[in-house]
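Below is one structure, written out as structure tokens; the observations come after it.
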Number of protein chains: 2
Amino acid sequence: MKVRLECFPCFVRQALIAASQITDDPVQVKEIIDLSLEPIRNARLSDTPAHIATEIYRRIRARLNGTDAFRGIKAQCTETALKIMRDFEPMIERSPDPLEAAIRASVAGNVIDFGIYTDINLDSIVENIMHEPFGILSLSELKSDLPHAKSILFLADNAGELVFDVPLIRHLLQFGSVKVAVKSVPVINDATMEDAMASGLPPGIELIENGSDCVGTILETCSDEFRRAFEDADLIISKGQANFETLDDVKDANIYFLFKAKCEVTAGMVGVEKDSLCAVSNRALLRLQA
Amino acid sequence: MKVRLECFPCFVRQALIAASQITDDPVQVKEIIDLSLEPIRNARLSDTPAHIATEIYRRIRARLNGTDAFRGIKAQCTETALKIMRDFEPMIERSPDPLEAAIRASVAGNVIDFGIYTDINLDSIVENIMHEPFGILSLSELKSDLPHAKSILFLADNAGELVFDVPLIRHLLQFGSVKVAVKSVPVINDATMEDAMASGLPPGIELIENGSDCVGTILETCSDEFRRAFEDADLIISKGQANFETLDDVKDANIYFLFKAKCEVTAGMVGVEKDSLCAVSNRALLRLQA
């Protein structure tokens, strides 16, 4: 999807959020906000929001000399998520439709965006999400696709969130091989290899890096290995808004986007209210946009 | 008040809102958004939000070669407000406390911020505001001040809004001389002399310009005449958030701030929830901050 004019104030907000995780000093926060201004000025209206955000986070990372400012908070998120999931996973298995429940848990993970919210009542979110209606849910399509999916690629989003993806990944393993792709370079609180290793992923999956330092999945920045996995996959599960922003136009793959529509722009793209739970195939999206 | 870090994304949003009033062309809107970036970079944390917004609107105005892009929309706002007020003013006069009702109408006018909302159900807002509790209301203080107020200065805010100030201005005229100050240069939809002349202001007031092109009232940019009026006033009524932002620190004048707290930052300053109706004296503010 192309950037929308409404996204521009949000880029500054994203820099502010990242800065606030890194330092309490207002002067330093302002300096990090300023790092977002040049990418905003350079932005083309043909870019995806993730392209522009990527440039901002690259500058923030350069300023931090490449250190992963979110490393501590990511480890803590994973730990908290593991604790919650211990009680939550049996509920999913006992549920009348375990696939739908696993998708709910996975979208719940996306709600818990530790890049935005750091002080959040995880338990109440997890309870609510089992009852909250989906804004859009391509469930029967997924159920008919899965038996033909011999190779599945799972695009991970945030650290911590990945723990909530485990029941769904376990479910996918019943059908075919599953590759779980994480970021090669830390960008905000996106899961890297280190985060994934701590997330209790089931045995049998193949954990790969996407070769990129970008927000979302900007294919031309990814490694050959990742692109081969992308092309070879019969079915792709794409977690989070940034992966949606960067892959919604892909037509020659079978992608399911699982995310909470956290802004008016993405909500509008799938025709739901802001904050809706979304689990939508790219084919359903194309039908929507036709 | 000093700018807060949360204000920075909002400056880009304000440029976007202004741009959207000026043109439908996304490329031109983006160019106007870009005009906000340099003032954001140059901003000092000791500035008020209005200082920074002023720099942004100066650049937008320069780009428009000084033409008042909001002239049409301001005239339309005033016309709509006049129609509503025809029915609304008798309700104020019949009210058990006409001063409180006039303050309510005046704050209602601030709700109708045509710089932000262009498509708004004015009738329902006007009805609601008669019953909505104030977040903060220095009414008894104002009632005890008014009999001693021989010279009153009224700082106008938006075109259209000024029509809703008429009942309050009429009330003030019972006590002393009333000067109503408007902007000398069009800045967004702030009322200028032309807008004020169309607003049905009561006879007996003196209409003055503040000599400034700034958002809010930045005293050092105002004319000597205005500053004399400011210094000589026994009582000042200040409308809107920007006047609050720029005058909340003034200690040697008796100022009542009437506004709807449209953001978390200003709401936090007066200790109310966002979107609360506020009518608060600067002395009450100083007590709050003590």
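The values are calculated or read from the model by the stated rules, or taken from the named source; none is laboratory data. Here the structure is a predicted model, which is why all the values come from computation and not from measurement. Glycine also receives a Cβ, built like all others from the backbone with ideal geometry; neighbour counts cover every protein chain displayed.
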**Residue tally, condition of a type outside the set (A, V, I, L, M) and at the interface with chain A (Cβ under 7 Å from one of its Cβ atoms), over segment B:11-32** = 3
**Request:** Determine if segment A:131-148 includes at least one residue that is modelled with pLDDT of 95 or more, in contact with a Gly (Cβ under 8 Å, 6 or more places away or on another chain) and acidic (Asp, Glu).
**Result:** no
**Message:** For segment A:33-108, give me every one of the helices (runs of 4 or more DSSP H) that falls completely inside it and has 1 or more residues that are under 23 Å from the mean Cα position of the chain (by Cα) and within 14 Å of chain B (Cβ to nearest Cβ).
**Reply:** A:37-42, A:49-63
**Request:** Considering (1) without any contact (Cβ under 8 Å) to a residue 24 or more places away in the chain; (2) touching a helix residue (DSSP H, G or I) at 6+ places or on another chain (Cβ under 8 Å); (3) under 30 Å from B:Lys143 (Cβ atoms), say which one B:Pro96 fails and leave the rest.
**Result:** (2)
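The rows are residues; the columns are (1) at pLDDT below 90; (2) among the polar types (S, T, N, Q); (3) surrounded by fewer than 24 Cβ atoms within 10 Å (Cβ to Cβ).
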| position | (1), (2), (3) |
| --- | --- |
| B:Leu82 | no, no, yes |
| B:Arg86 | yes, no, yes |
| B:Pro96 | no, no, yes |
| B:Leu99 | no, no, yes |
| B:Ala102 | no, no, yes |
| B:Val107 | no, no, no |
| B:Asp113 | yes, no, yes |
**Prompt:** Of all residues in segment B:191-209, which are under 12 Å from B:Leu155 (Cα atoms) and in contact with a Leu (Cβ under 8 Å, 6 or more places away or on another chain)?
**Reply:** B:Ala191, B:Ala196, B:Leu207
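Quick one: count up the residues across segment B:250-288 that are closer than 20 Å to B:Asp145 by Cβ and of a type outside the set (D, E, K, R).
19
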**Request:** Return yes or no: is A:Leu162 modelled with pLDDT of 95 or more, out of contact with any strand residue (DSSP E or B) (no Cβ under 6 Å at 6 or more places or on another chain) and under 14 Å from A:Gly109 (Cα atoms)?
**Result:** yes
**Complete:** Restricting attention to segment A:256-280, the residues that are touching a strand residue (DSSP E or B) at 6+ places or on another chain (Cβ under 7 Å) and crowded, with 20+ Cβ neighbours inside 10 Å number exactly 12
**Item:** Enumeration of residues in segment B:1-32 that are under 22 Å from the mean Cα position of the chain (by Cα), more than 20 Å from B:Gly240 (Cβ to Cβ) and not aliphatic (A, V, I, L, M)
**Value:** B:Phe8, B:Pro9, B:Ser20
**Prompt:** Looking at (1) more than 13 Å from every other protein chain (Cβ to nearest Cβ); (2) outside any helix (DSSP H, G or I), which is the only condition A:Arg4 fails?
**Reply:** (1)
**Complete:** If we keep only residues of segment A:41-66 that are closer than 20 Å to A:Glu194 by Cβ and in contact with a helix residue (DSSP H, G or I) (Cβ under 8 Å, 6 or more places away or on another chain), then the residue surrounded by the most Cβ atoms within 10 Å (Cβ to Cβ) is A:Tyr57
**Asked** Just to be sure, is B:Gly240 under 15 Å from the mean Cα position of the chain (by Cα), among the small types (Gly, Ala, Ser) and not assigned by TED's automatic domain parsing to the domain that holds B:Ala53?
**Response** yes
**Fill in**
For segment A:234-255 the number of residues that are buried (at least 23 other Cβ atoms within 10 Å of the Cβ) and over 16 Å from A:Pro186 (Cβ atoms) is 12
